[in-house]
Structures are given as C-alpha cells and as structure tokens.
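Data first, discussion second: the structure below is written as structure tokens.
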Amino acid sequence: MHKRSIRFLGTALAALGLVLPLAGSKAAAAPAVDDADFPTVADVAAIYPFYDGGGRQVVDDPELILVSSDCLHDRVGPTAPSGGYALYWGGDDNPSPLDDGGAEPRVEIYRFNSLSRAHQVLGRIRDNVTRCYGRFAAGERVRVRRGITVPALGSEPPVAWRTRVQNDPDRDEVPDFNTIDIWVRRGRYLVLVEVARITAPGKAPAVSLARAALESIG
C-alpha cells in the first residue's frame with residue numbers, strides 16, 4: 001500500500017500528534033506551497049461537518065502519485081518544485097468518520113514553474129487515469145474506475161473519476177471502499193481533492209471542496 005493510499009494513513013498519526021516524514025527538497029524557482037494554501041479546518045467542516053472542531057496537518061511532499069501500468073496500484077509520478085497534502089481529522093476520539101460511514105477528504109496542491117508545465121502535467125494525469133477506466137483485477141485486488149463530469153473549475157477542464165476498491169481482506173485494514181478524485185488547475189497550481197467513503201462519496205461535496213481549495217491558494 002502506498003504511503004498516501006487509503007486510509008490516507010497519516011490521518012490517525014496526525015491525530016496522535018506524531019510527526020510525518022518530509023519528502024524531497026524544494027526548488028528555488030517556485031515559492032513553496034505552504035499551510036496557507038490549503039483549505040482550513042473550518043472550510044472542510046462547512047462541507048463535511050464531522051471535522052468541526054478538528055485539526056489539520058500539512059505534509060511537504062512534492063511527488064505526484066499516478067496509477068501503475070496494471071491499473072491496480074499507485075506509483076510515483078512527476079515531482080513538482082513544491083507541493084504537499086493536507087490531512088484532516090475530527091474533533092472527537094475518532095479521527096476518521098470512515099468506519100461509521102462518513103466521508104474522509106484529502107487535499108493535495110502542487111506548484112510548478114510555469115503555466116505550460118502545469119498544463120502538461122495535468123495532461124499526463126488525464127492520460128494516465130483514463131487508460132485505466134474499466135475493471136482491473138488480480139486475485140482479491142480489484143479496481144473499477146469510471147470517469148465523471150464535474151462543473152467547470154479552474155483554468156481548464158478538470159479530470160474527475162470514481163473508483164471502487166476491493167482489497168485482500170486478510171491484508172488490508174479497509175478491504176472495500178470508494179473514492180472520488182478531482183484534479184483541477186489554477187494557473188501554475190495543480191490541485192487534487194480525493195474523498196473516500198465505504199459507500200460512494202457524494203459528487204457535490206467533493207466539487208465544493210475543490211472550489212474551496214482553488215480559492216485558498218495564494
């Protein structure tokens with residue numbers, strides 16, 4: 001399981017106050033993406049009320065994650081000059097609503113040195129995932145992806161899809177779940193909103209979170 005795979009792994013660690021490792025160095029050519037660029041806890045709680053009174057941790061990690069060639073796993077893709085992801089947790093003893101049927105969001109933001117590079121990378125993401133639309137299986141690992149249409153967001157058409165995930169129940173903490181992913185671009189920033197839920201996450205809240213992420217940048 002990749003370090004950013006479900007259950008987003010860092011959520012519970014962040015709730016315990018543990019320090020997550022930082023990945024990579026930041027290139028001087030682009031100012032770093034920092035905490036202020038991500039939606040606040042209040043922004044997220046306005047969409048997903050579970051997070052009211054919770055917390056947030058922003059992790060420096062400029063590596064984008066793509067889909068593997070077999071369409072069943074994650075792999076490291078392009079590295080941005082700066083970027084990272086934000087983990088959110090709730091205000092009670094349970095940092096994630098996933099086990100109780102709620103939605104667990106994550107936001108990733110990457111900044112590139114030019115508009116053309118950001119556009120190029122979004123095109124690569126689009127090509128990478130669209131070839132994996134459909135059903136792919138090996139043993140007890142199954143991934144079913146389908147593209148979805150979302151409203152206009154950012155500087156060009158978004159890339160959005162749903163995934164139904166089935167993992168080996170003997171090896172994975174959450175054998176079956178669903179996600180919705182929305183990639184958007186604003187200028188030289190790329191933003192990913194990913195929302196996980198045991199049943200299919202709602203599209204409208206995920207779109208609202210993508211809008212909030214775009215508005216928080218800069």
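Of all residues in region 49-97, those being open to solvent by 60 Å² or more (accessible area, probe 1.4 Å) and of a type in the set (Val, Ile, Thr) number 2. Would you check which residues across region 98-113 are surrounded by fewer than 15 Cβ atoms within 10 Å (Cβ to Cβ) and farther than 21 Å from residue 36 by Cα and list them? If the condition is that a residue be surrounded by fewer than 15 Cβ atoms within 10 Å (Cβ to Cβ) and farther than 21 Å from residue 36 by Cα, then 99, 100, 101 are the ones that fit.
For beta carbons closer than 8 Å, sequence separation of 6+ or different chains, a first residue in region 191-218 that is closer than 24 Å to residue 120 by Cα and a second that is among the polar types (S, T, N, Q) and open to solvent by 30 Å² or more (accessible area, probe 1.4 Å), the qualifying pairs are 216/40. Restricting region 133-146 to residues that are within 18 Å of residue 196 (Cβ to Cβ) and either over 16 Å from the mean Cα position of the chain (by Cα) or not basic (Lys, Arg) (or both) leaves a set whose member that is surrounded by the fewest Cβ atoms within 10 Å (Cβ to Cβ) is 146. Highlighted here are the strands (runs of 3 or more DSSP E) found entirely within region 149-218 that include at least 1 residues which are closer than 22 Å to residue 35 by Cα and of a type outside the set (Lys, Arg): 176-186, 189-197. Can you report the number of residues in region 109-148 which are part of a helix (DSSP H, G or I) and among the small types (Gly, Ala, Ser)? Residues flagged as part of a helix (DSSP H, G or I) and among the small types (Gly, Ala, Ser) within region 109-148 amount to 3.
State yes or no: is residue 123 at positive phi and at pLDDT 95 or above? For residue 123, the condition - at positive phi and at pLDDT 95 or above - is not met. Within region 94-120, the set of residues being more than 29 Å from residue 46 (Cβ to Cβ) and either small (Gly, Ala, Ser) or under 17 Å from the mean Cα position of the chain (by Cα) (or both) comprises 114, 116. If you go through region 4-19 one residue at a time, do you hit one that is hydrophobic (A, V, I, L, M, F, W, C), buried (at least 18 other Cβ atoms within 10 Å of the Cβ), in contact with a helix residue (DSSP H, G or I) (Cβ under 9 Å, 6 or more places away or on another chain) and modelled with pLDDT of 95 or more? No, region 4-19 contains no residue that is hydrophobic (A, V, I, L, M, F, W, C), buried (at least 18 other Cβ atoms within 10 Å of the Cβ), in contact with a helix residue (DSSP H, G or I) (Cβ under 9 Å, 6 or more places away or on another chain) and modelled with pLDDT of 95 or more. Evaluating residue 67 against the criteria (1) over 16 Å from the mean Cα position of the chain (by Cα); (2) at pLDDT 95 or above; (3) over 17 Å from residue 216 (Cβ atoms) leaves one unmet condition, (1). On the stretch given as region 166-184, residues that are open to solvent by 20 Å² or more (accessible area, probe 1.4 Å) and either within 14 Å of the chain's Cα centre (by Cα) or under 17 Å from residue 88 (Cβ atoms) (or both) total 1.
The values are calculated or read from the model by the stated rules, or taken from the named source; none is laboratory data. These numbers come from a predicted model, not from an experiment. In this analysis, Cβ positions are derived from the backbone assuming ideal geometry, glycine residues included, and neighbour counts consider all displayed protein chains. In case anyone asks, the SASA skips ligands and DNA or RNA and just uses the protein heavy atoms, side chains included. Shrake-Rupley method; radii C 1.70, N 1.55, O 1.52, S 1.80 Å.
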